[in-house]
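Student: Below is one structure. I have some questions about it.
Since every read-out is calculated from the coordinates, none of them should be taken as a lab result. Since the model is a prediction, treat every value here as computed from it, not as a measurement. Cβ: placed from backbone, ideal geometry, glycine included. Neighbour counts: every protein chain shown.
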Amino acid sequence: MNKKGTKGKLITIEGIEGVGKTSNVNFIAKYVQNAGYQVIVTREPGGTPVAEAIRGIILSDFDEQMYGETELLLLYAGRLQHVENVIKPALDKGQWVVCDRFTDATYAYQGAGRGVAIEKIDDLYRWTLGDFKPDWTILLDAPVDLAFERILKLRDLDRIEREKKGFFERIRNQYLVMAKRHPERYRVVDASQSLEDVQKVISDIMKEIIE
Ligand code: Z5A
């Protein structure tokens, strides 16, 4: 519990690569902090030493095909470590947690992107996390071409990012479907605007979340 006598809340930030998740996690955390709460920023895949090592495997190139199901199992091994060792203890202490990607990324990337059956993802979710879920999810949405234009100015693409455009179109679409399905926790931001404008919209959302 925090000073206000409440448990913390989990805010996840989602979207395809290049939409500005990393650019906005600290902005969101600052907002929470200014409202008087302690906050931690974390990410997936990753967030603990074991989960960061698993992230290394997920994003690396191997001279062997990696199946969508393999990615799924690796992601959930890391996620269990992350939720049990970092996220839940922080929430129990009353801290807020801002996480760059979380469970919805698996439905988007491994489900819609790789074509892994949703039932398999649901089963693993239930088995590892039960009914644990984010309190709020901020989806940064932008066209695939624009998002990749931003990324390509910065760095080389990793194993997953070298997939074809259709892969990312399916992922973007799946995120929008989930946002429609869960309006109580999703807020969608048009991430094709300038960073300043994106952050104005995020501030309005944070106001709603905090109050
Ligand atoms: N993955 C998965 O498959 N399944 C899962 O369940 C999970 C993850 C959890 C993790 O990569 C990979 O793991 C990811 C999905 C997969 N795919 N791949 N590969 P990551 O954690 O490194 O995530 P990422 O999406 O690749 O991060 P990113 O490349 O850092 O993108 P971003 O965080 O959304 O964008 P950014 O770094 O904040 O911004 C990119 C550039 O755009 C930068 O120069 C900014 O200054 C600029 N930017 C940001 N916003 C704007 C606006 N509004 N206007 C102009 N320029 C902007």
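Student: Please work out the C-alpha center-to-center distance from region 118-142 to region 1-50 and express it in whole Å.
Tutor: 17
Student: Between region 70-92 and region 178-211, what is the separation of their alpha carbon centroids in Å?
Tutor: So the two Cα centres are separated by 25 Å.
Student: Right, something else. Rounded to the nearest 20 debye, what is the charge dipole size of region 1-89 about its Cα centre when +1 sits on each Lys and Arg Cβ and -1 on each Asp and Glu Cβ?
Tutor: In total the dipole reaches around 1020 debye.
Student: Here's something else I'd like to know. Note down the Stokes-Einstein diffusion coefficient of region 1-41 in µm²/s, whole number, using a Kirkwood radius over alpha carbon pairs, 20 °C, and 1.002 mPa s.
Tutor: So the translational diffusion coefficient is about 187 µm²/s.
Student: Beyond 24 Å, how much of the Cα-Cα pair distribution for the chain remains, as a whole percent?
Tutor: Value for the chain (Cα pairs over 24 Å): 40 percent.
Student: Okay, next question. HIS182: net charge of surrounding residues, Cβ under 11 Å, Lys/Arg +1, Asp/Glu -1, itself excluded?
Tutor: +3
Student: Before rounding to the nearest 500, sum -39500 (n - 2.57) across all DSSP H runs of length at least 4 in the chain and divide by the residue total; then give [θ] at 222 nm in deg cm²/dmol.
Tutor: Counting only the DSSP helices, I get -15000 deg cm²/dmol.
Student: While we're here: Tell me, what is the percent relative contact order of the chain, built from C-alpha pairs under 8 Å that lie six or more residues apart?
Tutor: 32
Student: Show me 137-149, 60-72 ranked by packing, highest mean number of other Cβ atoms within 10 Å first.
Tutor: With the highest mean Cβ count within 10 Å placed first, the list reads 137-149, 60-72.
Student: Around ASP135, what is the net charge, scoring Lys/Arg as +1 and Asp/Glu as -1 over all other residues with Cβ under 9 Å from its Cβ?
Tutor: Computed value for this residue: +3.
Student: Taking the dipole about the Cα centre of the chain, with the C-beta of Lys and Arg at +1 and of Asp and Glu at -1, give me whichever of LEU91, LEU154, VAL50 is farthest to the positive side.
Tutor: LEU91
Student: Here is a follow-up. Quick one: which residues, 5+ away or cross-chain, put their amide H under 5 Å from the amide H of TRP96? H built at 1.01 Å from N.
Tutor: Counting only residues 5 or more places away or on other chains, the set is LYS9, GLN38, VAL39, ILE40.
Student: For region 136-151, just list the computed ³J(HN,Hα) in residue order, Karplus coefficients 6.51, -1.76 and 1.60, θ = phi - 60°, integers in Hz, with x standing in for Gly and Pro.
Tutor: 9, 10, 9, 9, 8, 10, 8, x, 4, 4, 5, 4, 6, 4, 5, 5
Student: What number comes out for the charge environment of GLU52, summing +1 per Lys or Arg and -1 per Asp or Glu over other residues with Cβ under 14 Å away?
Tutor: Counting the neighbours of GLU52, the net charge comes to +2.
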